[in-house]
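Chemist: Please see the structure below; I have some questions.
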Amino acid sequence: MGTEHAKVGETWWFALPVPANTTSRPIEITDVAVLDVPHGIKVLKYGAYSKVDTEGIPLLVREGGDAPDFSRLTNHIDKPVRVAPGAESDIFYLAKLKITSPPQGTTRQCRFDYRQGDQTYTQTLDCEVELKTG
């Protein structure tokens, strides 16, 4: 996913993969991060928002463009997000990215930290975004 029409100075919101629990016990997501951020892009912050509040998942949106007004929505980032057994999360995660100079590559992976019972886990998933300036 990406765009070739980004501009230096713009801020974009990028949706990470929606968490799904394929096990028979609940999990709690405790942290997320975008990995391998290329030179020219800075991660400003992360958000965790309800699919209901945003009327779906904005996969890649420019702030001030078609992006929801996230400042008016409840951000669940500061507490663990519980995902029921065999279910997809109602909460999804976003990274707020600022273009500081023409990006020198593609972001390719995201990390999810979670716990199940008293065990903690880390899972790395593919989540590619390419922001090109034109």
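Chemist: Could you pull the Cα extents of the chain along its three principal axes, largest to smallest, in whole Å?
Modeler: Taking max minus min along each principal axis of the Cα atoms, the chain gives 47, 29, 21 Å.
Chemist: Skip the ligands, DNA and RNA, and give the accessible area per residue of the stretch 52-134 with a 1.4 Å probe, whole Å².
Modeler: I get 60 Å² per residue for this part.
Chemist: Once phi is turned into θ = phi - 60°, what whole-Hz ³J(HN,Hα) does the Karplus curve with 6.51, -1.76 and 1.60 give for every residue of the stretch 70-79, x standing for Gly and Pro?
Modeler: Result, ordered by residue: 4, 5, 9, 9, 6, 9, 8, 5, 8, 9 Hz.
Chemist: Roughly how many percent of the accessible protein surface of the chain is carbon and sulfur, given a 1.4 Å probe and a whole-percent answer?
Modeler: Whole-percent figure for carbon plus sulfur exposure: 44.
Chemist: Then there's this: With θ set to phi - 60°, apply the Karplus curve 6.51 cos²θ - 1.76 cosθ + 1.60 along the stretch 58-63 and write out the HN-Hα couplings as whole Hz, x wherever there is a Gly or Pro.
Modeler: 3J(HN,Hα) across the stretch 58-63, in whole Hz: x, 5, 8, 9, 7, 5.
Chemist: Report P(r) for the stretch 1-66: all Cα-Cα distances, bin width 10 Å, range 0 to the bin holding the largest distance, values in whole percent.
Modeler: 14, 46, 30, 9, 1
Chemist: Still on this structure, please answer the following. Would you kindly find the accessible area of Tyr49, with a 1.4 Å probe and non-protein molecules such as ligands, DNA and RNA excluded, rounding to the nearest 10 Å²?
Modeler: Solvent-accessible area, nearest 10 Å²: 0 Å².
Chemist: Could you sort Leu59, Leu73, Leu94 by accessible area so the largest value comes first, with the probe set to 1.4 Å?
Modeler: Largest accessible area first, the list is Leu59, Leu73, Leu94.
Chemist: Tabulate in residue order the Karplus-calculated ³J(HN,Hα) for the stretch 4-16, using 6.51 cos²θ - 1.76 cosθ + 1.60 with θ = phi - 60°, rounded to whole Hz; enter x for Gly and Pro.
Modeler: Coupling constants for the stretch 4-16: 9, 10, 6, 10, 4, x, 6, 10, 10, 9, 10, 7, 7 Hz.
The values are calculated or read from the model by the stated rules, or taken from the named source; none is laboratory data. Predicted, not measured: the structure shown is a model, and the values here were computed from it. Quick note on the areas: whole protein, heavy atoms, side chains included, nothing else; ligands and nucleic acids left out. Shrake-Rupley method; radii C 1.70, N 1.55, O 1.52, S 1.80 Å.
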